[in-house]
Amino acid sequence: VEVKRLGDRLRILVTNDDGIEAKGLRTLVRALSEEATVLVAAPDQERSATSHAITMRQPLRAVKREVPGAECAYAVSGTPADCVKLAVDKLYSGRLDLVVSGINHGANLGTDVLYSGTVSAALEGVILGLPAIAFSLVNPTADGFEACANLAAGLVINVQRRGWPADTLLNINFPGVPSPKGLQVTTLGQQRYINAVQEREDPWGGTYYWLAGELCVDENEEPTDVWAVNHGFVSLTPVHFDLTDYRVLKTIADWRLELPGGERE
Ligand code: MN
């Protein structure tokens, strides 16, 4: 069997939401650089849970940084989506084949992908017409990142051989276990939290809040991503930015709703 390496022709943009210094990004860059040319554009500070936000009322700066394994790297003073827009449009214009986001420090499963900067950065790549893949690690540790970065690079090669599906983000979560049982293709599950808002008092008697919360008892069943990761599998969920609910589209169209007062004779 001929083992085809990706070679220099594949040019990968690596980004994340944990910032350019993050261990997850750095280990991923080093692993990918064995197989392809890696270009980095990542936030200059942690931007987790910024979802798909972009910066419109202040300027963005991109400052060159040393990231071992990367041919070039910029720290960007914006959000993950800003980084991808800037990279595709200016920093590496016309020289990118793939967007890789991560490895995130923590899970991006189920309904939580709506808050995720990691997933949104990859989705921005899809919106701009590039194939994209996002990686996240449950219960991140230094050893865990090393192992996952090698698995991630291998998965990129395997998908590259099959051909990237058009208009889709592949959202991958690694379980926080030393040896995953395998890979499962999954749907997005449900993540529910209790005590999501904690109320406290500042030194002057004022009330303030922390958004935190603990995950509820997991009621997900196969084949959700939450179930897969909780049972020691790597999960792969294809994700699209089209949030239209096709299940009810026809039912609602059949209502033939009129604007109030707008009934025509
Ligand atoms: Mn993060």
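List of remarks:
- Among the residues making up the range 110-133, those that are within 13 Å of the ligand (Cβ to nearest atom), more than 16 Å from residue 11 (Cα to Cα) and open to solvent by less than 10 Å² (accessible area, probe 1.4 Å) are 116, 117, 118, 119, 120, 121.
- Filter result for residue 70 (open to solvent by 10 Å² or more (accessible area, probe 1.4 Å), more than 16 Å from the ligand (Cβ to nearest atom) and part of a loop (DSSP other than H, G, I, E, B)): yes
- For the criterion of being farther than 21 Å from residue 167 by Cβ, surrounded by fewer than 17 Cβ atoms within 10 Å (Cβ to Cβ), at pLDDT 95 or above and away from the ligand (no atom under 14 Å from the Cβ), residue 63 passes.
- Just one of the numbered conditions (1) open to solvent by less than 30 Å² (accessible area, probe 1.4 Å); (2) part of a loop (DSSP other than H, G, I, E, B); (3) without any contact (Cβ under 8 Å) to a residue 40 or more places away in the chain; (4) within 20 Å of residue 149 (Cα to Cα) is not true of residue 78: (4).
- Close Cβ contacts (under 7 Å, 6 or more residues apart or on different chains) running from residues in the range 46-64 that are acidic (Asp, Glu) to residues that are in a loop (DSSP other than H, G, I, E, B) and within 16 Å of the ligand (Cβ to nearest atom) comprise 46/18; 46/19.
- Selection from the range 91-102 of residues that are open to solvent by 60 Å² or more (accessible area, probe 1.4 Å) and closer than 14 Å to residue 124 by Cβ: none
- Test: residue 197 is at pLDDT 95 or above and of a type in the set (A, V, I, L, M): no
- Residue within the range 77-89 that is among the hydroxyl-bearing types (Ser, Thr, Tyr) and farther than 11 Å from residue 13 by Cα present: yes
- Residue match in the range 35-57 (condition: outside any loop (DSSP other than H, G, I, E, B) and surrounded by fewer than 18 Cβ atoms within 10 Å (Cβ to Cβ)): no
- The residue list 102, 24 contains one member that is assigned to a strand (DSSP E or B) and within 16 Å of the ligand (Cβ to nearest atom), which is 102.
- Only residues that are away from the ligand (no atom under 16 Å from the Cβ), over 26 Å from residue 243 (Cα atoms) and either of a type in the set (A, V, I, L, M) or touching a strand residue (DSSP E or B) at 6+ places or on another chain (Cβ under 6 Å) (or both) were counted in the range 43-60, giving 1.
- Qualifying residue in the range 157-171 (condition: within 15 Å of the ligand (Cβ to nearest atom) and either of a type in the set (Ser, Thr, Tyr) or under 23 Å from residue 240 (Cβ atoms) (or both)): yes
- Total residues in the range 144-172, condition part of a helix (DSSP H, G or I) and in contact (Cβ under 8 Å) with a residue 12 or more places away in the chain: 16
The values are calculated or read from the model by the stated rules, or taken from the named source; none is laboratory data. Just so you know, these numbers come straight off a predicted model, no measurement behind them. Using ideal geometry, Cβ is built from the backbone for each residue, glycine included, and neighbour counts are taken over all protein chains shown. For the accessible areas, the whole protein counts, side chains as well, though only heavy atoms, and no ligand, DNA or RNA atoms are used. Shrake-Rupley method; radii C 1.70, N 1.55, O 1.52, S 1.80 Å.
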